[in-house]
1. Once you charge only the Cβ atoms, +1 for Lys and Arg and -1 for Asp and Glu, what is the size of the charge dipole of the range 6-184 about its Cα centre, to the nearest 20 debye?
2. Can you list the HN-Hα couplings for the range 146-152, worked out from phi with the Karplus curve (6.51, -1.76, 1.60; θ = phi - 60°), rounded to whole Hz and with x for Gly and Pro?
3. Could you calculate the contour length gain from TYR4 to ASP33, that is, 0.36 nm times the residue separation minus the distance between their Cα atoms, to one decimal place in nm?
4. So what is the relative contact order of the range 6-184, in percent, for Cα pairs below 8 Å that sit 6 or more residues apart?
5. If you count, for each residue, the other Cβ atoms within 10 Å and average over each peptide, how do 160-166, 143-149, 110-116, 11-17 line up from highest to lowest?
6. Taking the Cβ of each residue in PHE27, PHE131 as the centre, tally the other Cβ atoms inside 10 Å and list the residues starting with the fewest.
7. From the backbone phi of the range 81-95, what are the Karplus-calculated ³J(HN,Hα) couplings (6.51 cos²θ - 1.76 cosθ + 1.60, θ = phi - 60°) in whole Hz, Gly and Pro given as x?
8. Using 7 Å Cα-to-Cβ label points, what is the SER125/GLU97 separation (nm, one decimal)?
Amino acid sequence: MADYRAIRAVGESLMGLLESSYRPEDFNDIVADFRMFTSRDFTNNNAITNGASLFMYRLYCNGVYRTPPGRIGENGMRMDSQLPLELHFLITVWGGEASYQYELAGWIMRVLEDSPMFPSAVLNSTTPNVFRSDETVDFTLAELSTEDLFRIWDVLGVNAYQLSIPYVARVVNIESIQPLAEEYDRRVQERVQHVAVIDK
């Protein structure tokens, strides 16, 4: 059960995998840059010349799986239920030449297909101790219609569309640090009734 830093750790580990796997000699010695983006990065001077950016465009609670129960804390009390999240990303490919963009897109998809499940060792590679040793996160291609994809780019305010690949990371369970209400206070209120016997 990961803590609140899990969303950041997932994005960083994904970009870290691409960066560590990339070999410039396979792309005519082109050096690539792999970074996480906010919406502002698409329109300011943080643009990438060659490489790929990761932009999370949607984040919501997974409705398929039953809400996982919270873990047992060190004090023996059960924590509140976990929050199961799905992270929806756009991986956007940047390059001066179309041929490089196409090659890089194919390479990225192949790398993620070869490593569809990130173990905790990978997820904790940039931010240690976020995920527990038995946790994993799955990366799969997401279904995103052309209309929805172009709508995202319209909202970003970018004049020209860049080749982008939608991915989803699931399920990221974020644990609570709050105990369940019934576990928090188990004190029992006792009522004592005094009965007086009156002799007539």
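Read the figures in this text as sums done on the coordinates, not as results from a lab. Model, not experiment: these values are computed from the prediction. Every residue, glycine as well, gets a Cβ built from its backbone with ideal geometry; the counts of neighbours run over all protein chains shown.
1. On the way: 12 positive and 24 negative charges, 70 e Å.
Dipole size: approximately 340 debye.
2. Computed from phi, the couplings for the range 146-152 are 4, 4, 5, 5, 5, 5, 4 Hz.
3. Details: separation 29, 0.36 × 29 = 10.44 nm, distance 2.69 nm.
Full extension of this stretch gives 7.8 nm more.
4. Values: 295 pairs, mean separation 49.8, N = 179.
Relative contact order comes out at 28 percent.
5. Numbers: 160-166: 15.3, 143-149: 11.0, 110-116: 12.9, 11-17: 20.4.
For the peptides 160-166, 143-149, 110-116, 11-17, the packing ranking is 11-17, 160-166, 110-116, 143-149.
6. Details: PHE27 17, PHE131 27.
Listed from fewest to most nearby Cβ atoms, that is PHE27, PHE131.
7. 4, 6, 10, x, 10, 10, 10, 9, 10, 10, 9, 9, 9, 10, x
8. 2.8 nm
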